[in-house]
1. Output the qualifying pairs, or none if there are none: Cβ atoms under 8 angstrom, residues six or more apart or on different chains, first residue in segment 100-117 and at negative phi and surrounded by fewer than 12 Cβ atoms within 10 Å (Cβ to Cβ), second residue assigned to a loop (DSSP other than H, G, I, E, B) and at pLDDT below 80.
2. Which of the residues spanning segment 49-63 are free of Cβ contacts under 8 Å to residues at least 40 places away in the same chain and not in a loop (DSSP other than H, G, I, E, B)?
3. Out of contact with any strand residue (DSSP E or B) (no Cβ under 6 Å at 6 or more places or on another chain), at pLDDT below 85 and surrounded by 10 or more Cβ atoms within 10 Å (Cβ to Cβ): is that true of residue 91 in this structure?
4. Residue 29 fails exactly one of the following numbered conditions: (1) touching a residue at least 12 places away in the same chain (Cβ under 8 Å); (2) surrounded by fewer than 10 Cβ atoms within 10 Å (Cβ to Cβ). What is the number of that condition?
C-alpha cells in the first residue's frame, strides 16, 4: 500500500484541483442571462429534425483506417531517427510491422472501405 500512497495523493490533488477550480469559476462568473445569449450560436439557424441521425458506416471505417496509418506514423518517425544505431534487426522488426499494416490496408481496399459511396 505504501508504494501506491504517492499515486493516491496525486490523484486526490488532481480531483481536488478540478473541483475547486469549477467551484470558484461558478462563484466568480457573471450571471446575466438574456434572450440573445440563449439563442443558437453557430450558424444562427434553428435545428430541423432530431439530433439523433445515423451516420453511414463509411465514416467509421475511414476513421479506423486513419488510426491504422496514424499508428504507422507514430512508430515510424522515431524508428527512422535511431535506425543507424539500432542495427539490422530493428529494420526487420519495422519491416514486419509495416507489412502487417500493409495487409490491413490491403484488406480495407479489397472490402471497398476506401471507396467513398
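The values are calculated or read from the model by the stated rules, or taken from the named source; none is laboratory data. Please read these numbers as outputs of a predicted model, since none were measured by experiment. All Cβ positions, glycine included, derive from the backbone under ideal geometry; neighbour counts span all protein chains shown.
1. Going by the 8 Å Cβ cut-off, the qualifying pairs are 117/56.
2. Listed by number, the residues that qualify are 57, 59, 60, 63.
3. No: the conditions fail for residue 91.
4. (1)
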